[in-house]
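Scroll down for the structure; my scribbles are underneath it.
The values are calculated or read from the model by the stated rules, or taken from the named source; none is laboratory data. All figures in this text were calculated on a predicted structure; none of them were measured in a lab. No Cβ is skipped: glycine too gets one built from the backbone with ideal geometry, and neighbour counts run over all protein chains shown.
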Amino acid sequence: MKSIFQKTYLLSLALLITLSASLSAQNLFFERVYDETLAQASYVIANTQTKEAIVIDAQRDIDIYLDMAKKHDFTITKVTETHIHADFLCGSRELVAATGAALYLSEEGGEDWQYEFPHLPLKDGSQLQLGNIQLDVMHTPGHTPESITFILTDGTSQPAKAITGDFIFVGDLGRPDLLEKAAGHVGSQEVGAKQLYASLMRFVELPDNTEIWPAHGAGSFCGKSLSTVPNSTLKDEKISSKAFSFLNDEEGFVKYILADQPSPPMYFAKMKYLNKVSRPLLVEVPKHSELSKSSADRAIANNLIVIDTRHKSEVAKGHIPGSLHIENGSKFSTYMGSLMDYEQQFILVAEEDAIEDLTRKLMRIGMDNIYGYISSVENQSLALETSAVVDMSTFENYLASDNVQIIDVRTEGEFSDGHIKGVDNIVLASLDRSLDKISKDKPVIVYCKSGARASLAYSYLRQQGFDNIMNYVGGINEWLEHNKELVQSDIQ
């Protein structure tokens, strides 16, 4: 039998171990930073005892991380990425320039997938330390060849956190077809799908309570079924994610993961390139001036593009001829990247209090050619144009005619779920690559769900020389409000 002394000693030791683990767990600072406009997540991890911090997959307007570090008295000592991103311009190098932190990047994937600027290499099995907090590197190719996942542990019995980048999302896996569809690497999607399957089979060997913290949520073009939920566990994904239902079935997995992926925006190839090579850095959010009437007139005369960010109803009543209508909303940067030439300077039409927000959205995709802005189109010399808008009754009359082309500009998935019978589907994000599919010989009507995307499509097609364009602004929302029929179809 144990003496009272031994029992007291063992109890004290157990309490000490428990207290030590509790204190250790309290050393971990973990925060997700989420950009709704690109459905993109970055992560700040810090040791509250040593005050060291690391940032993973930083957005380009880095003041959010600098402010967080200042608030909590952290020093950002390390910066890293999960892979070479295609959907946003990563701010890692801006953050390193502002803080002097060390930059750690993947050196996996082969010579064609190496970052072309100075950094410290990470390989499968590499480790990064913040005191007792450890990040183990797992090479998880498939979405891209160099993709890595960080497995975070803090020296306690707490579940590990996996920062998975575009490898595993909540409800989905990263698509392996982007390199082929967006960056032109012909024949790479099936290779990527098989790599993704092998990565998944390795990852599922981790404990079921491993937390999954991905780089994107619903709204991202990096997958097809992303959830709005910010994080999950390996156990929950095994139960609920369809991709996990193909474990031990490589052929079925490859077929599933390559099917029904949405058309990627055109700017993805540009992001892939800029995230890999040396480029100019912006460590502060630029400030832009309102243009005088004469300055704006000269700029427009010199063929600078006008981007009208006002609400569609205001634009329809009067806009500068040739302007592109991209309403300031959650998809503003995506549509700008899809339809604008990166070398083209442009003017924004927006109120002064919206300019910083617009600038941030654009710098996150590396679109820095803002010449200035105007707050009112009525002050310009050019006579304003109105939009050719049709109501539902007029739209129905056209729908019964063979002498019209009607185009649904929503995504393939939305179109498949329900569309108006007899119409074509040309996705807004691929409109610039689909002009040959649009008639110049007969009237064309565009529509979407609420009118915002259709208004953009209308203005873009007008800019491209299509003169007989109309916009059914009520779209699917109005159609359903009047109990009109929708039909479904398989995604082609």
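One table, with the values for the structure above:
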{"read-out": "The lone exception for Ala25 - which of (1) at pLDDT 95 or above; (2) in contact with a Ser or Thr (Cβ under 6 Å, 6 or more places away or on another chain); (3) among the small types (Gly, Ala, Ser) it fails", "value": "(1)"}
{"read-out": "Exclusive hit being assigned to a loop (DSSP other than H, G, I, E, B) and closer than 30 Å to Pro176 by Cα, set Pro286, Pro280, Pro321", "value": "Pro280"}
{"read-out": "Flag if Asp249 is surrounded by fewer than 19 Cβ atoms within 10 Å (Cβ to Cβ), modelled with pLDDT under 95, farther than 30 Å from Gly475 by Cα and outside the structural domain of Tyr472 (by TED's automatic domain parsing)", "value": "no"}
{"read-out": "All positions within segment 173-192 that are surrounded by fewer than 24 Cβ atoms within 10 Å (Cβ to Cβ) and in contact (Cβ under 8 Å) with a residue 40 or more places away in the chain", "value": "Asp177, Lys181, Ala182, Ala183, Gly184, Gln189, Glu190"}
{"read-out": "Cβ pairs under 7 Å, 6+ apart, first in segment 258-286 and in the same structural domain as Thr99 (by TED's automatic domain parsing) and more than 24 Å from Gln195 (Cβ to Cβ), second surrounded by 20 or more Cβ atoms within 10 Å (Cβ to Cβ) and among the β-branched types (Val, Ile, Thr)", "value": "Tyr267/Ile365"}
{"read-out": "Tabulated pairs, segment 457-470, first touching a residue at least 40 places away in the same chain (Cβ under 8 Å), second in a loop (DSSP other than H, G, I, E, B) and surrounded by fewer than 21 Cβ atoms within 10 Å (Cβ to Cβ), C-beta under 6 angstrom, 6+ apart or interchain", "value": "Gln463/Gly322; Met470/Ala388"}
{"read-out": "Those residues of segment 427-448 which are buried (at least 19 other Cβ atoms within 10 Å of the Cβ), part of a loop (DSSP other than H, G, I, E, B) and at pLDDT 95 or above, in sequence order", "value": "Cys448"}
{"read-out": "In segment 384-426, the residues that are more than 16 Å from Met470 (Cβ to Cβ), part of a helix (DSSP H, G or I), among the small types (Gly, Ala, Ser) and modelled with pLDDT of 90 or more", "value": "Ser416"}
{"read-out": "Condition broken by Ala388, with the remaining ones in (1) aliphatic (A, V, I, L, M); (2) out of contact with any strand residue (DSSP E or B) (no Cβ under 8 Å at 6 or more places or on another chain); (3) surrounded by fewer than 16 Cβ atoms within 10 Å (Cβ to Cβ) satisfied", "value": "(2)"}
{"read-out": "The lone exception for Val404 - which of (1) without any contact (Cβ under 8 Å) to a residue 60 or more places away in the chain; (2) assigned by TED's automatic domain parsing to the domain that holds Tyr335 it fails", "value": "(2)"}
{"read-out": "Answer residue from segment 66-88, given it is in a loop (DSSP other than H, G, I, E, B) and hydrophobic (A, V, I, L, M, F, W, C) and is farthest from the chain's Cα centre (by Cα) among those", "value": "Phe74"}
